[in-house]
């Protein structure tokens, strides 16, 4: 059961307590935000940031508790080469899918009901986040009707365009 | 006093030069199949994969889960390539001694090579090797990471990119087991 006053949990709508963007290599915190923000890729033509990052990277020391930022049902649990261990929650109308990646473990199974603030698993560095230089984080990607969307509007903590925290959420 | 300051400055400069990690320009990195002698480069068209080797199958990846860098997977018997939604080779992974990763004139490396083969070319990178866990079974490897750079039209210069060439060695035998470059999601 979600309790907003639980000091061990993040704000409702944040996946991790004291959410912040994880730096990404040469691109820094900017590279942890969504969009054409990374150096080295093929799918953007935006100056040196020619790699699209399809989600947002929230800093999470390994084995941090991960909480759902939405309600729905678990639609995928598994291991994918680049994403590592991941879990996906899909809304009841099937329009919105939120995937959490690079986990050490998942706590729920496909078909389980999920409410905002339910524990989904433990964060990690699986998949291609295993590189020693990569800051531990949970990669969150959101698709609305199949179209990739910036996850920032789903989070309670807000961020500036450079990846720094704009308004923290600490309730 | 002046001599001391000069010596200090010289020592700092020398250390910086000696300890600097190398960065390989991405277009100078060739992935070659020893059997067919065919070479490809990252960020080039998937068309270049034709006749690269014995193609076992191609897979179209589920775009509801995968990022745009991974639209298709080419599975050869010696290497797996990932191709982006734009049809460019974006990543690869191999465990085969038949595959050579090289920058001509600087280094040439394949799975089954020894750790010591790398030390003369990449002393700093070898010195910074760390243990990592990799793959679905969380196997442990000693990882040497080689920085990569790409040309920026904006800056008219090469800039380090966020992804590296990863060389995974068996921690005990120090034999190279696996090589990959993965463009992260």
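When restricted to residues that are modelled with pLDDT of 95 or more and in contact with a strand residue (DSSP E or B) (Cβ under 6 Å, 6 or more places away or on another chain), segment A:127-140 contains 4. Of all the listed residues (A:110, A:74), the sole one being buried (at least 20 other Cβ atoms within 10 Å of the Cβ), away from chain B (no Cβ under 11 Å) and over 11 Å from the mean Cα position of the chain (by Cα) is A:74.
Among the residues of segment B:64-76, those that are crowded, with 16+ Cβ neighbours inside 10 Å and in a loop (DSSP other than H, G, I, E, B) comprise B:65, B:66, B:67, B:68, B:69, B:70, B:71. One residue is enough: does segment A:51-63 have a residue meeting the conditions buried (at least 21 other Cβ atoms within 10 Å of the Cβ), outside any strand (DSSP E or B), at pLDDT 95 or above and away from every other protein chain (no Cβ under 14 Å)? Yes.
Of the residues making up segment B:165-185, just one is within 7 Å of chain A (Cβ to nearest Cβ) and within 21 Å of residue B:119 (Cβ to Cβ), namely B:166.
Residues in segment A:114-140 that are farther than 26 Å from residue A:169 by Cα and part of a loop (DSSP other than H, G, I, E, B): A:126, A:130, A:131, A:132, A:133. Whether a residue is surrounded by fewer than 20 Cβ atoms within 10 Å (Cβ to Cβ), over 30 Å from residue A:105 (Cβ atoms), within 13 Å of the chain's Cα centre (by Cα) and within 10 Å of another protein chain (Cβ to nearest Cβ) was assessed, and residue B:154 does not pass this test. Being under 13 Å from the mean Cα position of the chain (by Cα) and either loosely packed, with under 15 Cβ neighbours inside 10 Å or in a strand (DSSP E or B) (or both) is a property that residue B:112 lacks. Looking at segment A:98-120, can you tell me whether even one residue there is under 14 Å from residue A:54 (Cβ atoms) and out of contact with any strand residue (DSSP E or B) (no Cβ under 7 Å at 6 or more places or on another chain)? No.
Restricting the search to segment A:31-50, which residues are under 17 Å from the mean Cα position of the chain (by Cα), surrounded by 21 or more Cβ atoms within 10 Å (Cβ to Cβ) and outside any loop (DSSP other than H, G, I, E, B)? Within segment A:31-50, A:31, A:32, A:37, A:38 qualify.
Filtering segment A:141-171 to residues that are in contact with a strand residue (DSSP E or B) (Cβ under 6 Å, 6 or more places away or on another chain), within 14 Å of chain B (Cβ to nearest Cβ) and not in a loop (DSSP other than H, G, I, E, B) leaves A:141, A:142, A:143, A:144, A:149, A:151.
Among the residues of segment B:77-91, those that are surrounded by fewer than 22 Cβ atoms within 10 Å (Cβ to Cβ) and assigned to a strand (DSSP E or B) comprise B:80, B:88. The set of residues from segment A:64-82 being outside any strand (DSSP E or B) and either on the phi > 0 side of the Ramachandran plot or at pLDDT 95 or above (or both) comprises A:64, A:68, A:69, A:70, A:71.
Results for (1) touching a strand residue (DSSP E or B) at 6+ places or on another chain (Cβ under 7 Å); (2) farther than 15 Å from residue B:99 by Cβ; (3) within 14 Å of chain A (Cβ to nearest Cβ); (4) not in a strand (DSSP E or B), shown as yes or no for each residue.
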residue: B:21; (1), (2), (3), (4): yes, yes, yes, yes
residue: B:24; (1), (2), (3), (4): yes, yes, yes, no
residue: B:37; (1), (2), (3), (4): no, no, no, yes
residue: B:53; (1), (2), (3), (4): yes, no, no, yes
residue: B:56; (1), (2), (3), (4): yes, no, no, no
residue: B:59; (1), (2), (3), (4): yes, yes, yes, no
residue: B:62; (1), (2), (3), (4): no, yes, yes, yes
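The values are calculated or read from the model by the stated rules, or taken from the named source; none is laboratory data. Note that the structure is a prediction, hence the values are computed from the model and not measured. Ideal geometry is used to build each Cβ from the backbone, glycine not excepted, and the neighbour counts take in all protein chains shown.
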